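See below for the structure under consideration.
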């Protein structure tokens, strides 16, 4: 009888395999699951093991799959000042000034800034930030990472105090005095300020699909590699064994490839080709080249990511009707209908999965139309195209996800009334549209497939927080639909559904014989916890490919 590399016993195993949902023990060998079942069954299949772990009755799950993150950006921002939950000038200023006293960076960056953090009637301007920190560059990332606010010193150092041309959909907001107000909308507008950071903004390039203008030096590559490895270690500490990146370029893939060859890619990853407005269809040959070069069980480049619109908070998400708080404003889509139909058709023809950021109901509609156009032109196939976020949905589009086989890729922590407060989203969208906003269960009830994710660093990475929020977010107002998820569906959103989304359901997202040995051991029984306590749980150990990538308490 074979000897196992690792045996986990005395466990409450949630296999996510419908044919055998529960087990007591699991044996891993050569990077795959050798046996899973009762302690007796597993002992018979693997009578000896190089290492044994007594789970003490704790939950053991398939390794978490986060289906929407930004690894390089998240890793770079792990050490940044977080302003999550901060409101009021005095408290915000105190936190920034305290960090400034110990941070010698060229530009001080703060994360998770709320649009109304200084007050509902107090816009964030360079003059306001000058009062906080007048003598050195300061920039605040909005929590959604689609807006940045910079003080005068940062704008001047970045060379954009008097503005600069940026691509459509991006904006350096200008004031009546002919100078920038400090508000920078979308990635291209933020890039000059990001370039002041120790990485030179290289972690942001993949968001727009750009490559470094000049080849990074060996020292710069070492800095970037360390940041990515820091991000991978953070993923592993939260039980994540796979991620779907939502930004990408050759540079990021090359760094990840070097990490993989060194045997240090401790989390499996997918990286997309970014298709951007104005790009010629011939540029998709780069996506084909990416797919050819990176195609292993550890690292793949096998899908195309597109942005259709912006975000609700900055009124750049594309709506069919005006924002309730901004008459005459509906946002906009980055692509015209016929143009987008042609793009989807060509990407689909090349055999790629497509992932489109679409938040407003008009943007979601235009994306579904593009997928439908691709089906008409190319014939139906198992494409598993996906839409990211789907924060507002038109009633007429509800049934189209199941009909077209489109995956709804949603982030539990994004929904107002869960991790974030109901306002300002509720007022901006209005109660009528909120009846079909962030509609997890409503979409699931149509027979469509869902997958959950974090969108880190836009929201916290922890899958247990995502599970808790999916189970706990109630109706945002009386009469609104209840979109709360069951425990099983919430866990599936971060395991089995993630595997289906990446076409690996035959070997990932479940614990069964022959599956990849990607496992997370929790410090406690998740089934015995009240939903509101799940995010307080810890990960005891993470295993990817049979190797311990994180162990709580280990040095």
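The values are calculated or read from the model by the stated rules, or taken from the named source; none is laboratory data. Remember, predicted model here, so these are calculated numbers, not experimental data. Note: ideal-geometry Cβ built from the backbone for every residue, glycine included; neighbour counts use all protein chains shown.
Brief remarks on what is shown
- Unmet requirement for residue 458, which otherwise passes all of (1) surrounded by 23 or more Cβ atoms within 10 Å (Cβ to Cβ); (2) in a loop (DSSP other than H, G, I, E, B); (3) in contact with a helix residue (DSSP H, G or I) (Cβ under 7 Å, 6 or more places away or on another chain): (3)
- The listed residue being part of a loop (DSSP other than H, G, I, E, B) and either surrounded by fewer than 18 Cβ atoms within 10 Å (Cβ to Cβ) or within 14 Å of the chain's Cα centre (by Cα) (or both), out of 388, 432, 423: 423
- Qualifying residue in the stretch 102-109 (condition: over 13 Å from residue 182 (Cα atoms) and part of a helix (DSSP H, G or I)): yes
- Apart from one condition, residue 470 fits all of (1) touching a residue at least 40 places away in the same chain (Cβ under 8 Å); (2) over 19 Å from the mean Cα position of the chain (by Cα); (3) under 25 Å from residue 245 (Cα atoms); the exception is (2).
- When 182, 159 are checked against the criterion of being modelled with pLDDT of 90 or more, surrounded by 15 or more Cβ atoms within 10 Å (Cβ to Cβ) and on the phi > 0 side of the Ramachandran plot, a single residue qualifies: 182.
- Against the test of being assigned to a helix (DSSP H, G or I) and either out of contact with any helix residue (DSSP H, G or I) (no Cβ under 7 Å at 6 or more places or on another chain) or surrounded by fewer than 18 Cβ atoms within 10 Å (Cβ to Cβ) (or both), the options 446, 442, 504 yield a single qualifying residue, 442.
- Selection within the stretch 19-56 - touching a helix residue (DSSP H, G or I) at 6+ places or on another chain (Cβ under 9 Å) and under 24 Å from residue 524 (Cα atoms): 21, 23, 24, 25, 26, 27, 35, 36, 37
- When residue 491 is tested against the conditions (1) outside the structural domain of residue 420 (by TED's automatic domain parsing); (2) touching a helix residue (DSSP H, G or I) at 6+ places or on another chain (Cβ under 9 Å); (3) assigned to a loop (DSSP other than H, G, I, E, B), the lone failure is (3).
Condition check ((1) over 19 Å from residue 308 (Cα atoms); (2) in a helix (DSSP H, G or I); (3) modelled with pLDDT of 95 or more) across all residues:
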site	(1), (2), (3)
373	no, yes, yes
377	yes, yes, yes
380	yes, no, yes
401	no, yes, yes
408	no, no, yes
468	yes, yes, yes
475	yes, no, no
478	yes, no, no
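- Condition check for residue 457: within 24 Å of residue 322 (Cβ to Cβ) and at pLDDT below 95: no
- Per the listing 215, 195, the residue uniquely within 18 Å of residue 251 (Cα to Cα), in the same structural domain as residue 127 (by TED's automatic domain parsing) and surrounded by fewer than 20 Cβ atoms within 10 Å (Cβ to Cβ) is 195.
- Within the stretch 117-142, residues that are part of a helix (DSSP H, G or I) sit with their Cβ atoms under 8 Å from residues that are exposed (fewer than 14 other Cβ atoms within 10 Å of the Cβ), at 6+ positions apart or across chains, in these pairs: 128/122; 132/97.
- Residue count for the stretch 424-463, restricted to those that are more than 23 Å from residue 78 (Cα to Cα) and in contact (Cβ under 8 Å) with a residue 40 or more places away in the chain: 26
- Filter result (within 24 Å of residue 246 (Cα to Cα) and part of a loop (DSSP other than H, G, I, E, B)) within the stretch 507-555: 507, 508, 509, 510, 518, 545
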